[in-house]
1. Scan the range 110-148 residue by residue and report those that are basic (Lys, Arg), closer than 15 Å to Val244 by Cβ and in contact with a strand residue (DSSP E or B) (Cβ under 7 Å, 6 or more places away or on another chain).
2. Would you pick out the residues in the range 113-138 that are closer than 30 Å to Gly311 by Cβ and charged (D, E, K, R)?
3. How many residues are part of a helix (DSSP H, G or I) and either modelled with pLDDT under 95 or surrounded by fewer than 13 Cβ atoms within 10 Å (Cβ to Cβ) (or both) if we restrict to the range 564-584?
4. Which residues, counting only those in the range 209-223, are surrounded by fewer than 17 Cβ atoms within 10 Å (Cβ to Cβ) and of a type in the set (Ser, Thr, Tyr)?
5. Check Lys203, Lys197 and return the single one that is open to solvent by 30 Å² or more (accessible area, probe 1.4 Å), touching a residue at least 12 places away in the same chain (Cβ under 8 Å), part of a helix (DSSP H, G or I) and within 25 Å of Lys684 (Cβ to Cβ).
6. Being touching a residue at least 60 places away in the same chain (Cβ under 8 Å), of a type in the set (Gly, Ala, Ser) and open to solvent by 10 Å² or more (accessible area, probe 1.4 Å): is that true of Ser266 here?
7. In the list Gln710, Gln700, which residue meets the criterion of being touching a helix residue (DSSP H, G or I) at 6+ places or on another chain (Cβ under 8 Å), at pLDDT below 85 and open to solvent by 80 Å² or more (accessible area, probe 1.4 Å)?
Amino acid sequence: MKNFERTLVTCALPYANGPVHIGHLAGVYVPADIYVRYLRMRGKDVLYVCGSDEHGVPITIKAKKEGCTPQDIVDRYHKIIKDSFSGLGINFDIYSRTSSDTHAKNASEFFRKLYDEGKFVEKESEQYFDVEANTFLADRYIVGTCPKCGAQGAYGDQCEKCGSTLSPDELIDPKSALSGSKPVKKKTKHWYLPLDKYEPWLKEWILDGHKEWRTNVYGQCKSWLDGGLQPRAVSRDLEWGVPVPVEGAEGKVLYVWFDAPIGYISNTMELLPDSWEKWWKSDDTKLVHFIGKDNIVFHCIVFPSMLKAYGDYILPDNVPANEFLNLEGDKISTSRGWAVWLQDYLKDFPGQEDVLRYVLCANAPETKDNDFSWKDFQARNNSELVAIFGNFVNRAAVLTHKYFDGKVPADARPERIDEETLAQILPIKASMEHFLENYKFREALKEAMNIARIGNKYLTDTEPWKVAKTDMERTASILNVSLQICADLAIAFEPFLPFSAEKLRKILNVGICAGKDYRAGENGVSSDNLYKAGDGAALHTCISNEGYETVLSWEDLGKKSILPEGHRLSAAELLFSKIEDDVIDAQISRLEEIRRKMEASAASVAAAAPQKAECSFEDFEKMDIRTATVKEAERVPKTDKLLKLTIDTGLDIRTIVSGIAEYYSPEDMLGKQICILANLAPRKIRGIESKGMILMARQQDGKMRFITPQEVLSNGSEIG
């Protein structure tokens, strides 16, 4: 494994058309913050970069709906997002934005260099155009029926119902989101990055060179590469964005997927105008992208191809992408309001920032989609943070004040159990380092909590409150060991629970070595460029150790005598407080109200769905609808929605891939008689040839159900 001089950590730029929710936090920002804090405790040179992604069609759509400018939208949400991050202790070295002057200049230069060197392909193509609005329509401005799950209101780039990636040409009955009219095709010129030319290099770099990447990341990359890459447009017909810097490109901007990742570089330039290149162009720098699984292709295939085309940038060493976090059994949806927003959490749970950090890490969707529930949130706080971690620290501190005037007692009469207990910490430290350095934060957190469990068991086994009645020397040794474990906890939990670790350090009256930050006046950083929280509060990680005689570091974790004899503690206080049922019930009631509104809205849409355009009898006769029986069924690997069905049509045995896994399990499908459109042209889905389409009906509650014969018919019976 290569030894790097420094580590550059980037987080996916949050889209500035709404606040941050728990799905974003669990997928990207909490794990990244844990990683950075850990590296800094190890004394590593780390730069932590993020910012708002402020271009793209959803922002212009929101601005039109609200009757304001796109700049108004991004200004509002940039501040909300930035302040929310700070409220959870997530403080980047810089949190900038893609609407900055630095980024506009840098993104333009990046495009221009590739353009001048002939790295783009210029193509004229037909794209959807809204005649009434007199404008080309970006993918998000086109809505219609999803061809894969039948959901109405799918966008031209994605169906939010089934999660499928789409193109506008795939939509059934497409309409303009601006005027509601049916768009027409019109010729337009754009520039494309020929990803197909980089395919051999990408296969060697990823498939041969990065087999250590997470299975979901490696697998998704392999699937794209095996399917063959196609040129990808880098410009769009749009007014909001970075203008394409060439003649004849009026009314065109850089496509947001091309524009946004360059923002990582721009933000670094903004923070370190004199030394940014060592972070992006030195082989001694380790680049790590923290993202969600929906950004894997952009950060592992597209952005590296851009950097390779440019010529002298480093490439990511790792891209630890998480899966998705659901909420109370349903997919988080910002458009439907089905989310727990960070800004709301901070208002509803003041002083309990670390509870959310703990739960999101303990339940992190590192290998599969996971679910957040308020009852689980309450249980983890009450039974783990309060009853295990907080309980041990409180008992150790209170007993020390009671028997030894709040001073660390001498290890006057040690016994074998003391040594055996403390000996368990070093292996935990080694495990934590292994997990943290391999991006397994959930496992690392379990190990940290095991230290508290060891402490609780030790106190239970030694019973110092009983021993104190007859043997104060032995009581002194027991509490000395207990306080050393408390110091271990202050170190081990600093990356995960910074607010609680700080509170614990105050109880223990110790400082912490948190590593180097890029602050104003240091390393050529301009005070204008420093990331600041809210109204200018200092970075949380810029910890002052003034006045502390003892300063903890990561290397102290597991040492037998971290706190010296006679060291005075501060007053004991509770690290965590119990969360009562009424608090959780209020959150559940809020979600239930949102769910009722969602269901009512879905029913209203279903009831009011307009009749489609007329078709002739001859059109209908072209459709060959028949009965068929499912013989085999299995899930398509690495997907949540797709089932692979082997069916008997009466004509042949064929395969159909259908996005019905959220409604039916493979076991549900075996032996079921269904209706299919038999003569639909075959198409490949996830590399599997699907021949036909299953007929489904969408209920008013949004759920899909099969259209089945009332009585069993022979396979291949024609319906008409």
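The values are calculated or read from the model by the stated rules, or taken from the named source; none is laboratory data. Quick caveat: nothing in here was measured; it's all calculated off a predicted structure. Note that each Cβ is placed from the backbone with ideal geometry, even for glycine, and that neighbours are counted across all protein chains shown. The area values use the complete protein model at the heavy-atom level, side chains included, leaving out ligands, DNA and RNA. Shrake-Rupley method; radii C 1.70, N 1.55, O 1.52, S 1.80 Å.
1. Matches in the range 110-148: Lys123 only.
2. Lys113, Asp116, Glu117, Lys119, Glu122, Lys123, Glu124
3. The number of residues fulfilling the criteria is 2.
4. Thr215, Ser223
5. Lys203
6. So Ser266 fails the test.
7. Residue meeting the stated conditions: Gln700.
Condition check ((1) open to solvent by less than 10 Å² (accessible area, probe 1.4 Å); (2) under 30 Å from Arg705 (Cα atoms); (3) outside any helix (DSSP H, G or I)) across all residues:
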site: Cys68; (1), (2), (3): no, no, yes
site: Gly89; (1), (2), (3): yes, no, yes
site: Leu114; (1), (2), (3): yes, no, no
site: Lys148; (1), (2), (3): no, yes, yes
